[in-house]
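Structure, as structure tokens:
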Amino acid sequence: MSFFEGVYQVNIRVRNIEDAVKWYEEMLGLHVTKDYGGTVVLGVGEGQTAICLIELKEGEELPSADATGSYPVLHLTEEHVETFKNELQERGVSVDEEDGIAHFKFYDTDGNSLEAYLPGLYEKEEYAHLR
């Protein structure tokens, strides 16, 4: 038996909250649902896990994703699966080139790792061309 019903939110530490919110809105199409100043909650979709941006305090260092190996994996929609990676690259977002079309890592302006993934990519034959 699990003590949990799901994942409530994913926290991402950022250097500048205003710049980060702008990036997540413009590049990923997320929207602010709550703004507490140094902490901003972004909505992904109705009933979905939220992304919470938390600004570093003065003198605090950004945690290294390499050190923790932790980063969010975002559910890529079928509607945008074939164009999203190229759109990010055209907008100047750093994207791991060697990864596939529907499963790849990309990075926000603070260097935080994010991953896009189309559920069923490796199980469904109709997605073979996207791997």
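The values are calculated or read from the model by the stated rules, or taken from the named source; none is laboratory data. Note that the structure is a prediction, hence the values are computed from the model and not measured. FYI the Cβ positions are ideal-geometry reconstructions off the backbone, even for glycines, and counts take in every protein chain you see. Just so you know, the surface numbers come from the protein's heavy atoms only, side chains and all, with ligands and any DNA or RNA stripped out. Shrake-Rupley method; radii C 1.70, N 1.55, O 1.52, S 1.80 Å.
Which of the residues belonging to the stretch 101-118 are within 15 Å of the chain's Cα centre (by Cα) and in a loop (DSSP other than H, G, I, E, B)? Break it down stepwise before answering.
Residues of the stretch 101-118 that are within 15 Å of the chain's Cα centre (by Cα), as a first pass: 102-118.
Result: ALA102, ASP108, THR109, ASP110, GLY111, ASN112, LEU118.
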Members of the stretch 48-100 that are among the charged types (D, E, K, R), modelled with pLDDT of 90 or more, assigned to a loop (DSSP other than H, G, I, E, B) and open to solvent by 60 Å² or more (accessible area, probe 1.4 Å): LYS57, GLU58, GLU60, GLU82, ARG91
Yes/no for PRO72 being out of contact with any Pro (no Cβ under 8 Å at 6 or more places or on another chain) and more than 28 Å from GLY120 (Cβ to Cβ): no
Selection from the stretch 84-94 of residues that are over 21 Å from GLN48 (Cβ atoms) and either touching a Cys at 6+ places or on another chain (Cβ under 6 Å) or without any contact (Cβ under 8 Å) to a residue 12 or more places away in the chain (or both): ASN86, GLN89, GLU90, GLY92
Cross-chain or 6+ apart pairs with Cβ under 8 Å, the stretch 108-131 first and without any contact (Cβ under 8 Å) to a residue 12 or more places away in the chain and within 15 Å of VAL95 (Cβ to Cβ), then surrounded by 12 or more Cβ atoms within 10 Å (Cβ to Cβ) and hydrophobic (A, V, I, L, M, F, W, C): none
Exclusive hit being closer than 20 Å to PRO63 by Cα and among the small types (Gly, Ala, Ser), set GLY92, GLY111, GLY120, GLY100: GLY111
Residue list for the stretch 16-46, filter: at pLDDT below 95 and open to solvent by 80 Å² or more (accessible area, probe 1.4 Å): GLU46
Hits in the stretch 101-129 - residues which are surrounded by fewer than 16 Cβ atoms within 10 Å (Cβ to Cβ) and not hydroxyl-bearing (Ser, Thr, Tyr): GLY111, GLU115, PRO119, GLY120, GLU123, LYS124, GLU125, GLU126, ALA128, HIS129
